[in-house]
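Reading through the structure tokens given below for one structure.
The values are calculated or read from the model by the stated rules, or taken from the named source; none is laboratory data. This is a predicted model, so every value here is computed, not measured. Positions of Cβ are generated from backbone atoms using ideal geometry, with glycine treated the same way; all protein chains shown enter the neighbour counts. The accessibility values were calculated without ligands, DNA or RNA, using every heavy atom of the protein model including side chains. Shrake-Rupley method; radii C 1.70, N 1.55, O 1.52, S 1.80 Å.
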Amino acid sequence: MRGLVDTNVLLDVLGRREPFWPDSARGWTRAEIGSLDAWVSAIRFNNVYIVIQYFSAQHMGAAAIVTRNVGDFPRTGPSALTPAAFLAASL
């Protein structure tokens with residue numbers, strides 16, 4: 001069976017989100033080795049890129065993510081700030 005993988009499944013793996021990540025990781029691994037026919041929409045990769053930035057900021061203890069796309073980031077965790085807002089907050 002062919003499947004289109006939603007972003008939340010990829011996020012389960014990247015964030016090791018319990019209780020979902022073990023099954024999501026097994027699916028990802030099987031897709032990588034070719035024993036599972038799973039696909040990801042190209043638009044989803046943009047979402048994954050944002051999530052990787054978010055988790056990286058959390059991991060490094062950053063208080064903010066500096067971006068022009070503030071609305072793309074969650075409202076919890078590191079604050080998403082425009083460059084101007086980041087500069088103003090740093091004064």
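So which residues in the stretch 10-31 are in contact with a strand residue (DSSP E or B) (Cβ under 8 Å, 6 or more places away or on another chain) and small (G, A, S)?
Answer for the stretch 10-31, where residues must be in contact with a strand residue (DSSP E or B) (Cβ under 8 Å, 6 or more places away or on another chain) and small (G, A, S): G27, A31.
Go through the stretch 24-73 residue by residue and tally those that are among the hydrophobic types (A, V, I, L, M, F, W, C), in contact with a Phe, Trp or Tyr (Cβ under 8 Å, 6 or more places away or on another chain), over 20 Å from L4 (Cα atoms) and open to solvent by less than 60 Å² (accessible area, probe 1.4 Å).
Of the residues in that region, 3 qualify.
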